[in-house]
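Read through the structure below, which is laid out as structure tokens, and then see the notes.
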Amino acid sequence: MIMVWIILFITVALALSIFVMVKQKRSVKEIGLVVTIVSLGFADWISIFLERKFNPNQLIVNLIDWVVSF
Amino acid sequence: METARISPWQFFILALGYLLGTSFFFRLGGIISISRQDAWMTPLWTGAVGILLSLIWIKLTTYYPGNSIIQICVQVAGKGIGGLIALLYIGYFVHLSALITRNLGDFMKINLMPRTPITVFHVMFLLIICYAVTKGVETISRSTEFLFPIVTVAFLFIFFIALSEWNWDRFQGMFQTNIWSTLHKNRSVIAFPFLESFALVMLFPYVKSKIKRSFILANIITALFLSVGVFFTIGVLGVTRATHETYSLFVIVQEIHLGTFFEHMESTIALILLIVIFIKLSIAYYCAVAGLCQLFHVNNRSWLAISLILLVSGLSLGFNNILENMTFNRQYYFEYIFLFAVLLPLLLLCLTWIKQGKEKRKAVGF
């Protein structure tokens, strides 16, 4: 249930933000950047809720182990 | 780019708060667990190594005065590869922000509010940080200038009150550790706090003068104070207790009782931790936001700072528990930060020298 509310909150907040940014005549680049960051954050949160957590630390550990193994 | 200016003193306080603040809370037990009674020597030599390595990026910035590391990347390696390296740095700053946020969350959840979800601490604190970052580096440095004396007085107060528990016997067995054998294990102390100060390079363009002196002095004082902190913890808690506690300074404060007047000082020290985390996180978060603004030529930081809250709060949940956090810090953090604080600046420095050599040869007429 929490996940549904979070998805709803992020969608509404993003839509409102884009609306305000367009009203403020922000550049397309800035709007694109904000949408990209929010999408990355959104994907991360969804991965947490689906219990398939994206763990950047594990990624770094695997990479270092792989480099050290050479 | 922001047109803010900060004085050398403000930069020094900022650097000292960034370096010393959180390490006093999170590092002491870890250092003592490795080097035992000789642990007070560790911050001294790791600090010396950290300062030596920081000379690389200090040298690099002297070739590009008034430019941040993001701008230097693009200038040296071009828009393609330079942009990619700059993006790596931004990723590092975002990840660093997530790590600092997680440290705060772990501390609050373990010691103060165990029934509150950790995300609550993360999001609430990130909202404050976001506000500070949108206000700019001048605001952050002024608030640090205002808050740092409070932190110093609190630390001095704890230091003098807790001295009543001091016992020289706890140092027995000193000078028996083989420094060379603990060298490898102590590499994480070079990374946190000393190599982490690399993020301060993003603030170099805003400092009016005496950048190098303020930066190196802050590093030296951090090494000395950290050494004193470790010495103090061994003398008051002893090696065994200090290594078994996650937050040894917090335990020292918990045991302070002056009659019935001064009791439960731990809530006060938690506030002090919030202040030092504010200093550190606001710098790391500012670096991420300013990096994005500089790379993509965006003038306003507000929207980027707000959108990063979602990403940082999500990434800060990467560790399942504090043990994972400590293991990562101890075993992998040095290698991870070495890439950003040593290898990449060294690469940029070499490219600068090659470019300069080419220009010289052109000027001579070869």
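FYI, it's all coordinate maths here, none of it is from the lab. All figures in this text were calculated on a predicted structure; none of them were measured in a lab. Note: ideal-geometry Cβ built from the backbone for every residue, glycine included; neighbour counts use all protein chains shown.
Quick one: which residues, 5+ away or cross-chain, put their amide H under 5 Å from the amide H of B:Ile6? H built at 1.01 Å from N.
Answer set, sorted by chain and number: B:Val207, B:Lys208.
Once label points are set 7 Å from the Cα along Cα→Cβ at both B:Ser267 and B:Val342, what is their separation, rounded to one decimal in nm?
Between B:Ser267 and B:Val342, the simple spin-label model gives 4.5 nm.
Using only atoms on other chains, find how many Cβ atoms lie within 10 Å of each Cβ of peptide B:290-300 and report the average. Don't jump to the answer; show the numbers that get you there.
Numbers: counts 0, 0, 4, 2, 0, 1, 5, 3, 6, 3, 5.
Across B:290-300, the average partner-chain Cβ count within 10 Å equals 3.
Under 20 Å from a label point 7 Å along Cα→Cβ of B:Lys358: give me every residue in segment B:45-60 with its amide N that close.
B:60, by backbone N distance to the label point.
Quick one: among B:Gly78, B:Gly105, B:Gly30, which has the greatest mean-square fluctuation in a GNM of chain B with alpha-carbon springs under 10 angstrom?
Judging by the Gaussian network model, the answer is B:Gly78.
Give me a comma-separated list of calculated 3J(HN,Hα) values for segment B:222-231, in order, Karplus coefficients 6.51, -1.76, 1.60 applied at θ = phi - 60°, integers in Hz, x for any Gly or Pro.
Listing the rounded values in order: 4, 4, 5, 5, 5, 5, 4, x, 5, 4 Hz.
Give me the distance in nm between label points sitting 7 Å out from Cα along the Cα-to-Cβ direction at B:Leu274 and A:Val35, one decimal.
3.8
Over chain A, with a Gaussian network built from C-alpha contacts below 10 Å, which listed residue (A:Ile37, A:Ile18, A:Ile60) shows the highest mean-square fluctuation?
Sorting by GNM fluctuation, first place goes to A:Ile60.
Assuming a viscosity of 0.890 mPa s and a temperature of 25 °C, what translational diffusion coefficient in µm² per second does Stokes-Einstein assign to chain B, Rh being the Kirkwood radius over Cα pairs?
Numbers: Rh = 21.3 Å.
Result for D is 115 µm²/s.
From the square roots a ≥ b ≥ c of the eigenvalues of the alpha-carbon gyration tensor of the protein assembly as shown, which class results: rounded (a/c under 1.5), prolate (a/b over b/c), or oblate? Intermediate results must be reported in sequence, preceding the final value.
Values: a/c = 1.68, a/b = 1.23, b/c = 1.36.
In terms of gyration-tensor shape, oblate.
Hey, what did chain B get for relative contact order, percent, Cα under 8 Å, at least 6 apart?
Here the relative contact order equals 41 percent.
Working out 0.36 nm times the residue gap between B:Ile150 and B:Ile58, then minus their Cα-Cα distance, what length gain in nm do you get to one decimal?
Numbers: separation 92, 0.36 × 92 = 33.12 nm, distance 3.05 nm.
Once the chain is fully extended between B:Ile150 and B:Ile58, it gains 30.1 nm.
To the nearest whole number, what is the average tally of beta carbon atoms from other chains within 10 Å of the beta carbons of peptide A:42-51?
Numbers: counts 3, 2, 10, 6, 1, 2, 5, 0, 0, 0.
So the per-residue partner count for this stretch is 3.
Among A:Phe42, A:Ile18, A:Leu8, which residue has its Cα positioned farthest towards the positive end of the charge dipole of segment A:2-68, with +1 placed on the Cβ of Lys and Arg, -1 on the Cβ of Asp and Glu, and the dipole taken about the Cα centre?
Checking the options against the dipole of segment A:2-68, the answer is A:Ile18.
Nearest 20 debye, what's the magnitude of the dipole of chain B about its Cα centre given +1 on Lys and Arg Cβ and -1 on Asp and Glu Cβ? Can you show the working numbers first?
Details: 26 positive and 15 negative charges, 304 e Å.
Computed about the Cα centre, the dipole is about 1460 debye.
Out of segment B:231-298, which chymotrypsin sites (Phe, Trp or Tyr not before Pro) are coil in DSSP terms and have no more than 10 other C-beta atoms within 10 Å? Show your work: numbers first, answer last.
Numbers: sites: B:Phe231, B:Phe232, B:Tyr247, B:Phe250, B:Phe261, B:Phe262, B:Phe278, B:Tyr285, B:Tyr286, B:Phe296; in loops: B:Tyr247, B:Phe261.
Those that pass, being in a loop and sparsely packed, are B:Phe261.
Need one value for B:333-344: mean number of C-beta atoms belonging to other chains within 10 Å of its residues' C-beta atoms.
On the way: counts 3, 1, 7, 5, 0, 1, 4, 0, 0, 0, 0, 0.
The per-residue average across the peptide is 2.
Kindly provide the trypsin sites (Lys or Arg not before Pro) of segment B:206-254 that DSSP labels as loop, not H, G, I, E or B, and whose Cβ sees at most 12 other Cβ atoms within 10 Å.
Values: sites: B:Lys208, B:Lys210, B:Lys212, B:Arg213, B:Arg241; in loops: B:Lys208, B:Lys210.
Of the trypsin sites (Lys or Arg not before Pro), the ones in loops of segment B:206-254 whose Cβ has at most 12 other Cβ atoms within 10 Å are B:Lys208.
Mind checking the dipole of segment B:116-187: about its Cα centre, +1 per Lys or Arg Cβ, -1 per Asp or Glu Cβ, Debye to the nearest 20? It would help to have the intermediate numbers written out before the result.
On the way: 5 positive and 4 negative charges, 50 e Å.
I would put it at about 240 debye.
Return the distance in nm (one decimal) between the two label points of a simple spin-label model at B:Leu127 and B:Ile81, each offset 7 Å from Cα along Cα→Cβ.
4.6
What full-extension length gain, to one decimal in nm, is calculated for B:Asn300 and B:Gln254 as 0.36 nm per residue of separation minus the Cα-Cα distance?
Working: separation 46, 0.36 × 46 = 16.56 nm, distance 4.43 nm.
Here the answer is 12.1 nm.
In nm², what is the average projected area of the convex hull enclosing the Cα atoms of segment B:121-192? Walk me through the numbers before you get to the answer.
Numbers: hull surface 34.8 nm².
Its average projected convex-hull area is 8.7 nm².
Please name which of B:Pro8, B:Leu183, B:Ile100 has its Cα lying farthest along the dipole of chain B towards the positive end, using unit charges on Cβ (Lys, Arg +1; Asp, Glu -1) and the Cα centre as origin.
The listed residue farthest towards the positive side: B:Pro8.
Please name whichever of B:Val253, B:Gly291, B:Phe146 sits farthest to the positive end of the charge dipole of chain B, dipole taken about the Cα centre and charges placed at Cβ: Lys and Arg +1, Asp and Glu -1.
Working it through, the farthest residue towards the positive pole turns out to be B:Gly291.
Given the options B:Lys185, B:Lys355, B:Lys135, state which has the largest fluctuation in a GNM of chain B using a 10 Å cut-off (strictly under) for Cα springs.
Sorting by GNM fluctuation, first place goes to B:Lys355.
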